1. Given the residues VAL36, VAL29, which is the only one that is touching a strand residue (DSSP E or B) at 6+ places or on another chain (Cβ under 9 Å), β-branched (Val, Ile, Thr) and exposed (fewer than 12 other Cβ atoms within 10 Å of the Cβ)?
2. Just the residues that are in a strand (DSSP E or B), closer than 19 Å to ALA128 by Cα and either modelled with pLDDT under 95 or not hydrophobic (A, V, I, L, M, F, W, C) (or both), please, taken from segment 159-205.
3. Could you list all residues from segment 1-26 that are open to solvent by 60 Å² or more (accessible area, probe 1.4 Å) and either of a type in the set (Gly, Ala, Ser) or in contact (Cβ under 8 Å) with a residue 12 or more places away in the chain (or both)?
4. Determine whether GLN212 is assigned to a strand (DSSP E or B), surrounded by fewer than 19 Cβ atoms within 10 Å (Cβ to Cβ) and under 14 Å from the mean Cα position of the chain (by Cα).
5. Looking at ASP217 and the list (1) at pLDDT below 95; (2) assigned to a loop (DSSP other than H, G, I, E, B); (3) of a type outside the set (S, T, N, Q), which single condition is not satisfied?
6. Of the conditions (1) out of contact with any Asp or Glu (no Cβ under 6 Å at 6 or more places or on another chain); (2) in a loop (DSSP other than H, G, I, E, B); (3) of a type in the set (A, V, I, L, M, F, W, C), ALA250 fails just one. Which one is it?
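The values are calculated or read from the model by the stated rules, or taken from the named source; none is laboratory data. Fair warning: this is a prediction, and the values are worked out from it, not measured in the lab. Here the Cβ positions follow ideal geometry from the backbone for every residue, glycine too, while neighbour counts run over all protein chains shown. Areas reflect the complete protein model, heavy atoms only, side chains present, ligands, DNA and RNA absent. Shrake-Rupley method; radii C 1.70, N 1.55, O 1.52, S 1.80 Å.
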Amino acid sequence: MAVAPALYVAAPTLTPTRFGLVSAGDLVVPEDPRFVNGIQFESNPSGPAKLAPTECEDPQTRTVVDGIEVIEAGPIIVYNGFTCRAVGVDESEMLDRARKALTGGEWAGVEKALPLMNAETDILTTGAVPLVKGIGLLEDHLTEQYGGVGVIHAPRHVAMFAAERRQVDVDAGRKVTALGTRWSFGNYPNTDAAGAPAAVDTAWLVATGAVQVRRGDVKQRPASFAEAFNYATNEIQAIAERTYVVSWEAVQAAVLVNLTSS
């Protein structure tokens, strides 16, 4: 008895993950195409105001920050694509599939590449502390050193533990702490400044100032079927890429937390 072939249908719509950098950062339309080479800007004055004993105190005796800090951020180029036999694939399908391959995971790629743990990161703990205490230390640091609404970057699985301890609220579609600091639950590598992975049941949380994200248009490489086709293998390789520049204000501090201790 003959069996009819299976019906070929469209794949499910892929909805990108939420509540990572895509929602915690502010997406900025690039002012100039040269942003792909990196950007720099003058950091906002930060930290608490100082106290004077009297109004008439000699201004020359007062100390303030010397100089203006300039922040620099370099480009992050993310790409994805596919290789397959050329039979049955036209140019529009090729370009569309390469774009989908990129857009489904580009934010995860950017999050993994962010230089959050490096020699400039202030480490606020000497060992793992309970999750709620670690969040409190970061909130204190943001208030003392920054003064604005910052972002706490955490590996994605930390969200479940933070929610269990009622440390996740919602504000304007973003996940935030009890004090309104934005959460970014992303594809962060969960390593220390030397690249060593955190121990089981521990995680690194990193607080930064406000985050801005600039990104370019998706570029197809190659841009045509003819360029993508390999006559030797009868295959096509299509790649889509995009350039990101992610920047934040100068504050950058981390805590190591124990996810299973209270």
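1. VAL29
2. THR191, PRO197, THR202
3. Of everything in segment 1-26, those that are open to solvent by 60 Å² or more (accessible area, probe 1.4 Å) and either of a type in the set (Gly, Ala, Ser) or in contact (Cβ under 8 Å) with a residue 12 or more places away in the chain (or both) turn out to be ALA2, ALA4, ALA6, ALA10, ALA11, LEU14, PRO16, THR17, VAL22.
4. Yes, satisfied.
5. The failed condition is (1).
6. It fails just one condition, (1).
For every residue, the table says whether it meets (1) open to solvent by 80 Å² or more (accessible area, probe 1.4 Å); (2) basic (Lys, Arg); (3) more than 30 Å from GLU241 (Cβ to Cβ).
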{"position": "LYS50", "(1), (2), (3)": "yes, yes, yes"}
{"position": "ARG62", "(1), (2), (3)": "yes, yes, yes"}
{"position": "VAL65", "(1), (2), (3)": "yes, no, yes"}
{"position": "ALA73", "(1), (2), (3)": "no, no, no"}
{"position": "ILE77", "(1), (2), (3)": "yes, no, no"}
{"position": "GLY88", "(1), (2), (3)": "no, no, no"}
{"position": "GLY105", "(1), (2), (3)": "no, no, no"}
{"position": "GLY136", "(1), (2), (3)": "no, no, yes"}
{"position": "ASP140", "(1), (2), (3)": "yes, no, yes"}
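Yes/no per residue for (1) among the hydrophobic types (A, V, I, L, M, F, W, C); (2) touching a strand residue (DSSP E or B) at 6+ places or on another chain (Cβ under 9 Å); (3) on the phi < 0 side of the Ramachandran plot; (4) surrounded by fewer than 20 Cβ atoms within 10 Å (Cβ to Cβ):
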site: GLY180; (1), (2), (3), (4): no, yes, no, yes
site: GLY186; (1), (2), (3), (4): no, yes, yes, no
site: LYS219; (1), (2), (3), (4): no, yes, yes, yes
site: ALA223; (1), (2), (3), (4): yes, no, yes, yes
site: ALA228; (1), (2), (3), (4): yes, yes, yes, no
